[in-house]
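Only one structure is covered here, and it is reproduced in the block below.
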Amino acid sequence: MASFHFSFTVRRSDFMATIALLAHRPAGYRLLLMMLWLVIVLTILLVMSGRERIGDTLLLVLRGELPWPTYAVQAAVMAAIWFRGELVAAASGLAFRNYANAGREVFMTIDETGIKGGSPDARFCVTWDGVRHVVESPSHLVLAIAPSQGIVLPRRAVACADEYTAVRDLIARRVRARETCRRPFRRNP
């Protein structure tokens with residue numbers, strides 16, 4: 001039975017990467033949210049303008065006949081929808097100093113039964129059933145255990161590329177074994 005052992009110091013970048021990767025949504029989903037927001041805004045403008053057709057309201061918007069703060073608010077909301085993961089990560093950077101494992105040495109073991117580890121003050125044990133999905137970036141591998149909670153494995157903690165591939169294969173095999181309706185790995189830049 002394969003068993004991999006890691007030890008690393010939790011950096012601010014690890015904390016922020018975990019939050020960003022968990023908060024990040026695919027581009028298609030973000031575009032859908034942006035279109036939905038535009039439909040809602042156009043509907044509100046239609047009702048408020050007293051016009052009978054949506055085309056007339058759309059012309060108002062396109063001609064720039066609305067007060068400039070209307071456009072500024074729309075641009076800000078669109079940017080917030082598109083850059084949600086990055087905004088959440090930036091805000092979470094401020095919370096790092098309150099994080100229990102901030103700057104501490106963490107140990108982790110990944111094997112066929114799950115993930116075990118922790119720091120001198122706190123320990124965790126998660127079976128593969130507790131892993132919802134896995135998100136991978138060039139610098140981190142995050143095992144999501146809740147919508148806003150994950151276990152991070154920085155690539156710097158892995159000794160070599162072969163070991164990383166073996167760990168990744170073990171995780172993919174264990175997560176795929178119970179999750180057949182969706183891909184367990186999402187790649188994020």
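Just so you know, all these numbers are worked out from the coordinates, no wet-lab data involved. Owing to the predicted nature of the structure, the values given are computational and were not obtained by experimental measurement. Cβ sites come from the backbone with ideal geometry, for glycine too, and all protein chains shown count toward neighbours.
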**Report entry** Only listed residue being touching a residue at least 24 places away in the same chain (Cβ under 8 Å) and touching a His at 6+ places or on another chain (Cβ under 8 Å), chosen from A102, A144, A157, A90
**Finding:** A144
Query raised in the report: Which one is surrounded by the most Cβ atoms within 10 Å (Cβ to Cβ), of the residues in segment 1-56 that are closer than 23 Å to V135 by Cα and among the β-branched types (V, I, T)?
Result: T18
Requested in this report: Please specify each residue of segment 1-29 satisfying the condition of being in contact with a strand residue (DSSP E or B) (Cβ under 7 Å, 6 or more places away or on another chain) and free of Cβ contacts under 8 Å to residues at least 40 places away in the same chain.
Outcome: none
Requested in this report: Go through the residues of segment 78-95 one by one and say whether even a single one is surrounded by fewer than 11 Cβ atoms within 10 Å (Cβ to Cβ) and out of contact with any Cys (no Cβ under 9 Å at 6 or more places or on another chain).
Outcome: yes
Query raised in the report: If you go through segment 128-170 one residue at a time, how many are of a type in the set (G, A, S) and either part of a loop (DSSP other than H, G, I, E, B) or farther than 19 Å from D14 by Cβ (or both)?
Result: 7
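Every residue, every condition in (1) within 18 Å of A17 (Cα to Cα); (2) out of contact with any helix residue (DSSP H, G or I) (no Cβ under 8 Å at 6 or more places or on another chain), yes or no:
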site: E86; (1), (2): yes, no
site: A89; (1), (2): yes, no
site: E112; (1), (2): no, no
site: R132; (1), (2): yes, yes
